[in-house]
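**Student:** Could you have a look at this structure, given as structure tokens, before my questions?
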Amino acid sequence: MEEFKLDNKEHIDQISVASATGDDHRTGSSFGAYFNIVCAIAGSGILGLPAAVAKGGWIMLGFFGLVAVVSIFTGRLLVECLYYKPGERLQELPDIGEAAFGKLGRYFTKFFHYTISLSGATIYILLTGTSIFKVLNDYGGVQPLAVRTWIMIAGMIVVVPFSLLKSMKEVALLSVLGVLATVVVVFVVVIWGGINYDPSTVQNDTFVFENLPSALATIAFSYGGNVVYPHVEGSMRHPRSWNRVLTFAIMSITAMYIITGLCGYLYYGRGVSSPILESLPTGTATLIGYVAITAHVLLATPIYLCSFALEQENFLKIDRKYMSKWREFGLRVALRCTICASVTVVAMFVPYFSELMALVGALANCMIVFLLPVAFHYRLYGVKNRPLSQNITAGLVVLLGLFGLCAGTFFASRDLITAIETGKSSASH
């Protein structure tokens with residue numbers, strides 16, 4: 001293990017050499033990478049953040065900034081690990097795990113990586129189907145098809161762009177629309193909630209200590225997105241812009257989170273619902289919010305699936321370097337249809353899937369977002385000669401990750417037990 005010597009200039013030089021070695025996939029813009037990150041991270045979880053603030057009180061708003069700094073820090077470490085060999089670039093997250101800890105590290109990383117990618121996409125398809133059912137039932141004035149049917153329809157919609165848009169560069173087109181949909185949701189919460197705000201009926205707390213673990217775990221998990229970073233950065237025409245793109249993306253996400261959390265808690269206080277849209281008065285604006293968040297979830301699903309599919313295609317050598325254009329296209333579409341069909345079936349028939357994946361995700365997110373990037377970086381670049389500030393930050397990241405792992409696992413286990421005892425899932429079919 002060599003001593004840590006990587007500074008920003010050296011990192012830029014390594015990226016320049018590695019990205020000039022004939023990689024013809026680097027055609028995406030920094031603009032597209034920005035939207036891919038924002039769309040992948042700022043999902044439907046944004047609707048639960050006012051309730052997270054309500055659990056811990058106003059002090060929770062400060063934790064958004066803390067977790068944002070941590071997310072930027074670990075995102076930079078993760079991408080630096082891709083370039084730990086001068087003039088070369090690792091392709092995927094499991095490659096980093098193998099470089100750092102051998103075959104065991106690869107399989108360990110792959111388990112958590114695939115868990116997040118596939119479970120995230122499955123939950124998104126599940127949420128899309130249930131959201132469409134709710135909108136038609138509550139606002140359409142008609143009795144819609146069964147929830148499972150809408151989940152199947154959601155999977156059929158997702159498979160079209162997922163199969164036809166090959167890389168993160170092409171998926172970025174969907175990400176732009178997904179981010180715009182999220183912005184619409186934020187505006188609905190801020191404006192529609194503000195119009196109906198009655199301060200005489202609201203109670204707010206500054207700090208609620210006993211609920212701090214649950215609230216902080218919710219906020220920490222709302223920044224999970226590291227699984228797509230290698231493929232997003234790998235698609236960029238100018239990879240040296242990664243740190244800047246990542247920082248702007250996380251800052252944008254944090255701004256939306258703080259605005260939504262602040263306004264939702266201000267308007268509805270301790271009684272705010274999760275999702276926040278259930279606290280808003282019934283009307284056209286609330287309907288627009290439901291439609292917008294459903295659109296976002298639908299558009300974000302191909303990002304998670306694309307990350308997983310690109311790794312399988314790399315493993316199976318489904319690439320024009322090894323076969324004709326049409327054979328590559330046919331095999332890619334067949335593989336992606338199979339992947340999408342599989343996660344849709346799981347979303348339709350596995351009971352208590354949301355609660356089960358929240359439990360697994362509590363472990364997987366903390367590993368991928370907080371703990372593993374630090375472990376990888378220190379293993380590959382060594383411990384010596386690092387700036388004191390980096391060591392302190394890394395230590396805080398590890399503590400936050402362990403805290404989120406323990407708290408998240410506890411509360412997710414409790415929710416799963418409650419769902420089994422009551423026979424009712426949070427995303428009931």
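The values are calculated or read from the model by the stated rules, or taken from the named source; none is laboratory data. No experiment lies behind these values; they were computed from the predicted model shown. Neighbour counts are summed over all protein chains in view; Cβ atoms, including those assigned to glycine, are modelled from backbone coordinates with ideal geometry. Just so you know, the surface numbers come from the protein's heavy atoms only, side chains and all, with ligands and any DNA or RNA stripped out. Shrake-Rupley method; radii C 1.70, N 1.55, O 1.52, S 1.80 Å.
**Student:** Show me the helices (runs of 4 or more DSSP H) entirely contained within the stretch 153-236 in which 1 or more residues are open to solvent by 10 Å² or more (accessible area, probe 1.4 Å), touching a residue at least 12 places away in the same chain (Cβ under 8 Å) and among the hydroxyl-bearing types (S, T, Y).
**Tutor:** Helices (runs of 4 or more DSSP H) meeting the threshold: 212-221.
**Student:** Would a scan of the stretch 107-117 turn up a residue that is modelled with pLDDT of 85 or more and aliphatic (A, V, I, L, M)?
**Tutor:** No: the stretch 107-117 contains no residue that is modelled with pLDDT of 85 or more and aliphatic (A, V, I, L, M).
**Student:** Could you check K55 against (1) over 20 Å from the mean Cα position of the chain (by Cα); (2) surrounded by fewer than 18 Cβ atoms within 10 Å (Cβ to Cβ); (3) basic (K, R) and say which number it fails?
**Tutor:** Evaluating K55 over (1) over 20 Å from the mean Cα position of the chain (by Cα); (2) surrounded by fewer than 18 Cβ atoms within 10 Å (Cβ to Cβ); (3) basic (K, R) leaves (2) as the failure.
**Student:** Can you go through L396, L402 and tell me which one is closer than 20 Å to Y223 by Cβ, surrounded by fewer than 23 Cβ atoms within 10 Å (Cβ to Cβ), touching a Leu at 6+ places or on another chain (Cβ under 8 Å) and of a type in the set (A, V, I, L, M, F, W, C)?
**Tutor:** Result: L402 is the single residue among L396, L402 that is closer than 20 Å to Y223 by Cβ, surrounded by fewer than 23 Cβ atoms within 10 Å (Cβ to Cβ), touching a Leu at 6+ places or on another chain (Cβ under 8 Å) and of a type in the set (A, V, I, L, M, F, W, C).
**Student:** Still on this structure: State which residue pairs qualify: first residue closer than 17 Å to L165 by Cβ and inside the stretch 317-330, second residue open to solvent by 70 Å² or more (accessible area, probe 1.4 Å) in any location, beta carbons under 6 Å apart, and separation of 6 or more residues or different chains.
**Tutor:** As it stands, the answer is E328/R320, since those pairs meet every condition given.
**Student:** Being buried (at least 16 other Cβ atoms within 10 Å of the Cβ), closer than 24 Å to G234 by Cβ and in contact with an Asp or Glu (Cβ under 6 Å, 6 or more places away or on another chain) narrows it down to one residue among E311, E355, E328; which is it?
**Tutor:** After applying the criteria, what remains is E311.
**Student:** If you check every pair at least six apart or on different chains, which have Cβ atoms under 9 Å apart with a residue in the stretch 106-123 that is of a type in the set (A, V, I, L, M) first and a residue that is open to solvent by 40 Å² or more (accessible area, probe 1.4 Å) and modelled with pLDDT of 90 or more second?
**Tutor:** Close Cβ pairs satisfying both conditions: L118/S342; L118/V346.
**Student:** Does S29 count as more than 20 Å from the chain's Cα centre (by Cα), at pLDDT below 90, closer than 29 Å to A292 by Cα and open to solvent by 10 Å² or more (accessible area, probe 1.4 Å)?
**Tutor:** It is true that S29 is more than 20 Å from the chain's Cα centre (by Cα), at pLDDT below 90, closer than 29 Å to A292 by Cα and open to solvent by 10 Å² or more (accessible area, probe 1.4 Å).
**Student:** When you check A341 against the structure, is it at pLDDT 85 or above, open to solvent by 40 Å² or more (accessible area, probe 1.4 Å) and of a type in the set (G, A, S), yes or no?
**Tutor:** In short, yes.
**Student:** Has the stretch 274-296 got at least one residue that is open to solvent by 50 Å² or more (accessible area, probe 1.4 Å), touching a residue at least 60 places away in the same chain (Cβ under 8 Å) and small (G, A, S)?
**Tutor:** Among the residues of the stretch 274-296, at least one is open to solvent by 50 Å² or more (accessible area, probe 1.4 Å), touching a residue at least 60 places away in the same chain (Cβ under 8 Å) and small (G, A, S), which makes the answer yes.
**Student:** Go through the stretch 99-152 residue by residue and tally those that are open to solvent by 50 Å² or more (accessible area, probe 1.4 Å) and among the hydroxyl-bearing types (S, T, Y).
**Tutor:** Summing the residues that are open to solvent by 50 Å² or more (accessible area, probe 1.4 Å) and among the hydroxyl-bearing types (S, T, Y) in the stretch 99-152 gives 2.
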